[in-house]
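Just below is one structure, and these are the notes that go with it.
None of the figures in this text is laboratory data; all of them are computed from the coordinates on show. Owing to the predicted nature of the structure, the values given are computational and were not obtained by experimental measurement. Here the Cβ positions follow ideal geometry from the backbone for every residue, glycine too, while neighbour counts run over all protein chains shown.
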């Protein structure tokens, strides 16, 4: 590749490395596998840079390559198509709302409002099934629109909605469980605390 | 023109699209009119908005990328990559 093209590659493509690393980590789970995935993604991007069209978004181009590499490595293409049979987006959304209604009833929703969720969120995202995790990462962490996520993954926009909403609902459930457990712990601690003035 | 009234279920079904700014103008206007008047739906939207803020905040916990960056640059150099800062 010419020096000019390499400079362009460095400026436009290599600059996306932190985003690709985060995306790879969300798919691979394991950090060492994620690093292999990142390296392979950039090698393929470099070799295929002539196919990159000026005006395209390099981050999305890299996400697409990264996902292809991951599927090829894991030979899990079949699993991706299986998950297209999700509930429709409206019912996924309604389930999240029903979950909130139940949480209002048992007090975990108001407890969650006052809690710092950051320690729980990374783990909750990592625990999501792969296809939902990818969608949450692309839309919520990387800021892609539904259409951009659909184009990046080569799936219909309806599939983006279904997987994203399911992923968010699962996250909501996990975080509400975190809030409930934290409430139980503090109640137990209160029950076992010595009462003032007790001898 | 006044938007058509929608019920709570229809409003709730639009929750994520609303928070993601993916609702088309007509349904968006219908929803905003509903939310201004409905005390039942507002807490669901506020709860979901808070949840999304927290999830999106997870992005700030980026992993360090220096190690993988030098590894990628090494692999690219082996392919002939010769940009200035490599």
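Here is the size of the stretch A:3-75 from its Cα atoms: Rg then Dmax, 11.9, 36 Å.
At R0 = 51 Å, how high is the FRET efficiency between residue A:98 and residue A:2 if r is their beta carbon distance? Nearest 0.05 is fine.
Working: r = 58 Å, r/R0 = 1.14.
The formula returns an efficiency of 0.30 here.
Note on residue A:181 and residue A:157: their simple-model spin labels are 3.8 nm apart, each label 7 Å out from Cα toward Cβ. For the residues of A:95-103, the average number of beta carbons from a partner chain within 10 Å of their own beta carbon is 4. Once the Cα atoms are used to define both axes, helix B:25-37 deviates from the longest principal axis of chain B by about 60 degrees. Size of the protein assembly as shown from its Cα atoms: along the principal axes, largest to smallest, the extents are 73, 70, 35 Å. Over chain B, Cα pairs under 8 Å with separation of 6+ residues give a relative contact order of 26 percent. Take each residue in B:76-82, count the other chain C-beta atoms within 10 Å of its C-beta, and the mean is 5.
Using alpha-carbon pairs under 8 Å, 6+ residues apart, how would you state the relative contact order of the stretch A:89-191 in percent? Over the stretch A:89-191, the number comes to 42 percent. Against the compact-protein benchmark of 2.2 N^0.38 Å, the Cα-based radius of gyration of chain B scales to 1.92. Note on B:66-72: average number of Cβ atoms from other chains within 10 Å of each residue's Cβ is 6.
Principal-axis analysis of the Cα atoms of chain B puts helix B:66-78 at an angle of about 60° to the longest axis. Taking B:57, B:67, B:26 as the candidate residues, the one with maximal mean-square fluctuation in a Gaussian network model of chain B, Cα springs under 10 Å, is B:67.
Estimate the FRET efficiency between residue B:70 and residue A:53 by the formula 1/(1 + (r/R0)^6), using the beta-carbon distance for r and 30 Å for R0, to the nearest 0.05.
Numbers: r = 29 Å, r/R0 = 0.97.
The pair residue B:70/residue A:53 has a calculated efficiency of 0.55.
Dividing the Cα convex hull volume of the stretch A:42-170 by residue count, how many Å³ per residue is that? Please report the intermediate quantities before stating the final value.
On the way: hull volume 16.6 nm³, N = 129.
It comes to 128 Å³ per residue, whole-number rounded.
Taking the helices alone, the protein assembly as shown has a mean residue ellipticity at 222 nm of -21500 deg cm²/dmol, built from -39,500 (n - 2.57) per DSSP H run of at least 4 residues and averaged over all its residues.
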